[in-house]
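Here is the structure we will look at, set down as structure tokens.
The values are calculated or read from the model by the stated rules, or taken from the named source; none is laboratory data. This structure is a prediction, so every number in the text was calculated from the model and none was measured. Neighbour counts are summed over all protein chains in view; Cβ atoms, including those assigned to glycine, are modelled from backbone coordinates with ideal geometry. We work out accessible area using only protein heavy atoms, side chains counted, and drop any ligands, DNA or RNA first. Shrake-Rupley method; radii C 1.70, N 1.55, O 1.52, S 1.80 Å.
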Amino acid sequence: MTTSTLSTISTNPVPVIPPYATMLGFTRYISRTGPAKATFVGGLRKQRERRTGFNPHSQLVKALKADIAFRTGGSYLGGVVDLVKDRWKPLYESLRAGARSYLTSLGDPEQIALIQTRDALASVGPLAVKINPHFGLRFADGHREAVRLHFDEEPPNPELLTAMLHLMARHMEQILPDAEPVLVDLRRGVTHRLSPAARPGDVESWLAGEAAAFTAMWSATAA
């Protein structure tokens, strides 16, 4: 090996992957305990390094949004199972009934409009977190909601709920001004809202501590 080759190696270190999480990844991390947290962060970092990831729910989200936008009462949700690959059909069948229940819970379709939201990049302590609702709603009375969907088999636990709704509320001016953040547990068709008892200052301190631990685990997995 020549001197010039050694010089090239020494001056071209391995690129550093900065700590980063989507809102879903960060809140799933928060909902874990013990060693499972470090394992989860290590998995997120590997996905980030490999630039891998697949969203199996995208067609369901499109169908739900189409039913809201075109006021079709669930017809798009009714047909979406036939559009996905066989491996995803059981997942879509398990979500469809709850999605229809949520759609019905919105009330008169003529009184609702689908509106666009924007993503926001938040700084939570030392961690960059992407805040990404699925869609926005405008009701006839002027009320607006920024909606994030929850697809997991287990209902969202209190920690995940508090973290996700707080992060959305904190960045609502970027996401959808004057809107209320909501998290919809789609399997059960249940809508969750931010508890009035939640103290923003306490939540901020808690999230900052969780983000600091996340960042330390992220760095440790690079060793």
query = Which of (1) within 20 Å of LYS37 (Cα to Cα); (2) in contact (Cβ under 8 Å) with a residue 60 or more places away in the chain; (3) open to solvent by less than 70 Å² (accessible area, probe 1.4 Å) is the odd one out, the single condition GLU159 does not satisfy?
reply = (3)
request  = Scan region 45-79 for residues that are assigned to a helix (DSSP H, G or I) and hydroxyl-bearing (Ser, Thr, Tyr) and jot them down.
outcome  = SER58, SER75, TYR76
task = State all residues of region 176-192 that are among the β-branched types (Val, Ile, Thr) and buried (at least 22 other Cβ atoms within 10 Å of the Cβ); if no residue qualifies, say none.
result = VAL184
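Give me a count of the residues in region 120-142 that are touching an Asp or Glu at 6+ places or on another chain (Cβ under 7 Å) and open to solvent by 60 Å² or more (accessible area, probe 1.4 Å). Even if it seems obvious, please write down each step before you answer.
Narrowing region 120-142 to residues touching an Asp or Glu at 6+ places or on another chain (Cβ under 7 Å): 130-132, 136-137.
Cutting the leftovers down to open to solvent by 60 Å² or more (accessible area, probe 1.4 Å) gives us 130.
The total comes to 1.
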Condition broken by ARG87, with the remaining ones in (1) part of a helix (DSSP H, G or I); (2) within 19 Å of LEU186 (Cα to Cα) satisfied = (2)
query = Does any residue in region 178-190 that is β-branched (Val, Ile, Thr) come within less than 7 Å, Cβ to Cβ, of a residue that is part of a strand (DSSP E or B) and crowded, with 17+ Cβ neighbours inside 10 Å six or more places away or on a different chain, and which pairs are these?
reply = VAL182/GLU145; VAL182/VAL147; VAL182/HIS192; VAL184/VAL147; VAL184/LEU149; VAL184/HIS150
ask   = Are any residues in region 118-155 touching a residue at least 60 places away in the same chain (Cβ under 8 Å), closer than 15 Å to VAL182 by Cβ and not hydrophobic (A, V, I, L, M, F, W, C), and if so, which ones?
value = ASN132, HIS134, ARG148
message = If I filter region 44-55 for residues that are open to solvent by 70 Å² or more (accessible area, probe 1.4 Å), over 26 Å from ALA220 (Cα atoms) and touching a helix residue (DSSP H, G or I) at 6+ places or on another chain (Cβ under 6 Å), do I get at least one hit?
response = no
